[in-house]
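The values are calculated or read from the model by the stated rules, or taken from the named source; none is laboratory data. Model, not experiment: these values are computed from the prediction. Because the Cβ atoms are built from the backbone with ideal geometry, glycine has one as well, and the counts that use them run over all protein chains shown.
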Amino acid sequence: MTKPLEGINVLDMTHVQAGPACTQMMGFLGAKVIKIERRGSGDMTRGWLQDRPGVDSLYFTMFNGNKRSIELDMKSPQGKDVLTKLVKQSDVLVENFGPGVLDRLGFSWAKIQELNPRMIVASVKGYAEGHANEHLKVYENVAQCSGGAAATTGFWDGPPTVSGAALGDTNSGMHLLIGILAALRMRDLTGKGQKVAVAMQDAVLNLCRIKLRDQQRLERNGILAEYPQAQPNFCFDKDGKPMTFDNIDSVPRGGNAGGGGQPGWMLKCKPAHSGDNDCYVYFTIAANMWPQICDMIDKPEWKDDPAYNTFEGRVDKLMDIFAFIETKFTDKDKFEVTNWAAEYGIPCGPVMSMKDLAVDPSLRKVGTVVEVTDEVRGNYLTVGAPFKFSDFKPEITRAPLLGEHSVEILKELGYSDAEVQSMKDNAVI
Ligand SMILES: CC(C)(COP(=O)(O)OP(=O)(O)OC[C@H]1O[C@@H](n2cnc3c(N)ncnc32)[C@H](O)[C@@H]1OP(=O)(O)O)[C@@H](O)C(=O)NCCC(=O)NCCS
């Protein structure tokens, strides 16, 4: 089977999550990925929260499938020689070191271009080149704060809240992948490589576009009518005073309010199995579905009532409407409510717990949750490719052990047995 990135050699100088998520996806798509790791310890995540003593962590294995690993002291002269050979034979170098690390290693953009003019150098950094904070190191949740996600997530009476989704890390890696694919296409046209970089702040902000829209609406109109803060006596501050938009000048945290253009809320139903995640659905009041919603909740009189049958009419009583709808869900679990809403063509979905997702037969069937065979650490679950092709099915293979392919890779680069031995003796590999 032909693979989308067949023939593309990736020099993977990534660690933690943002970079590894990108290169792993390239591996899923058929690129050949060589991961360079610090001698002795490797990617620091190998040791993070190991679930079994002495084996690589699930953090590492779930972000480094479909790769080969070479241990290499990149600061040693022999290590730099290996790196030079790898640069010459690769198509894409992906890195997410702290600012300036590649330059300090002696592999500046100018040097790489000299070695391989077709090379695409792809980087994740915390902030964009030229930004006042470009010198800062950044981790996931820091990026969720710098890109606007934390300030707009959570409830009005609590602190800014970070998402469980890796908006800073994996999201930046996926943005970088888009940039790499575009740079590869451009190289097809021009014959030249180029630098492509993603700032974690920018990748997060790109997902907060709607919140930047709301900031502008707020400044223009002084209110965001669909936010819970606009509902009479619904939101209270920590002193118990009702909140209004009179003293709000930046987009507030809207709890579970619908983000885009359709009001929505998290509604409680009957527990399905056990636990808190088990008894909620997300329900959206899409304007064009109002008549179906009225039928579903047995309120036909709301269909023609001007106090209800337009967005403007019902916007000041949204929370009362959601509370009423919730009363209809007490005898149905989240899956039953979902199916019931579907009968009326209404988009509504269960809050799926990680346990639900791990055992979901449909996700296994479509290849989104994949059980990876690993003879060393034991089989584990990972998330496969989230895109599906008609002519290609990604094959997911286990993450490499530290330095598992060091000798094999050096041999492919043309090093003799004596040279490989010398690198071992000098603690280069
Ligand atoms: C993630 C991050 C905060 C970690 O910081 P850190 O642990 O201090 O690691 P750095 O990337 O700065 O690298 C530290 C050093 O390790 C060295 N190193 C890494 N791999 C090496 C190897 N194989 N051989 C020799 N040295 C190596 C680097 O050369 C660097 O040395 P220097 O500082 O003397 O130049 C930082 O890399 C970062 O901000 N990255 C960009 C944004 C990002 O991707 N964040 C994480 C998202 S998951």
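Here are some notes:
- One residue from Val138, Val124 being in contact with a helix residue (DSSP H, G or I) (Cβ under 8 Å, 6 or more places away or on another chain), surrounded by 22 or more Cβ atoms within 10 Å (Cβ to Cβ) and either among the polar types (S, T, N, Q) or in a strand (DSSP E or B) (or both): Val124
- Check on Thr23, within 22 Å of the chain's Cα centre (by Cα), within 21 Å of Ile396 (Cβ to Cβ) and either more than 15 Å from the ligand (Cβ to nearest atom) or assigned to a helix (DSSP H, G or I) (or both): yes
- Single residue of the range 79-104 satisfying the filter (near the ligand (Cβ under 9 Å from one of its atoms) and in a loop (DSSP other than H, G, I, E, B)) that is nearest to Ala197 (Cα to Cα): Asn96
- Sole exception among (1) within 11 Å of the ligand (Cβ to nearest atom); (2) in contact with a strand residue (DSSP E or B) (Cβ under 8 Å, 6 or more places away or on another chain); (3) outside any helix (DSSP H, G or I); (4) not charged (D, E, K, R) for Gly193, by number: (1)
- 2 or more residues more than 26 Å from Arg52 (Cα to Cα): qualifying strands (runs of 3 or more DSSP E) within the range 325-401: 348-350
- The one condition from (1) in contact with a Phe, Trp or Tyr (Cβ under 6 Å, 6 or more places away or on another chain); (2) closer than 28 Å to Cys208 by Cβ; (3) in a helix (DSSP H, G or I) that Gln292 does not meet is (2).
- Within the range 66-78, if we keep just the residues that are within 13 Å of the ligand (Cβ to nearest atom) and farther than 9 Å from Leu105 by Cβ, the residue that is surrounded by the fewest Cβ atoms within 10 Å (Cβ to Cβ) turns out to be Pro77.
- Applying a threshold of 7 Å to beta carbon distances and a minimum spacing of six or more residues, or different chains, the list of pairs starting in the range 86-102 at a residue that is at pLDDT 95 or above and crowded, with 21+ Cβ neighbours inside 10 Å and ending at one that is among the hydroxyl-bearing types (Ser, Thr, Tyr) and not in a strand (DSSP E or B) reads Val94/Thr14; Val94/Thr23; Glu95/Thr14; Asn96/Thr14.
- Scan of the range 151-169 for residues that are more than 16 Å from the ligand (Cβ to nearest atom) and closer than 22 Å to Ala18 by Cα, ordered by number: Ala151, Thr153, Thr161
- Within the range 40-56, considering residues that are in a loop (DSSP other than H, G, I, E, B) and buried (at least 20 other Cβ atoms within 10 Å of the Cβ), the one nearest to the chain's Cα centre (by Cα): Asp43
- Annotation: of all residues in the range 105-121 being in a helix (DSSP H, G or I) and in contact with a helix residue (DSSP H, G or I) (Cβ under 9 Å, 6 or more places away or on another chain), the one that is farthest from the ligand (Cβ to nearest atom) is Leu115.
- Boolean, Ser422 is within 24 Å of Val82 (Cβ to Cβ) and either among the polar types (S, T, N, Q) or touching an Asp or Glu at 6+ places or on another chain (Cβ under 9 Å) (or both): yes
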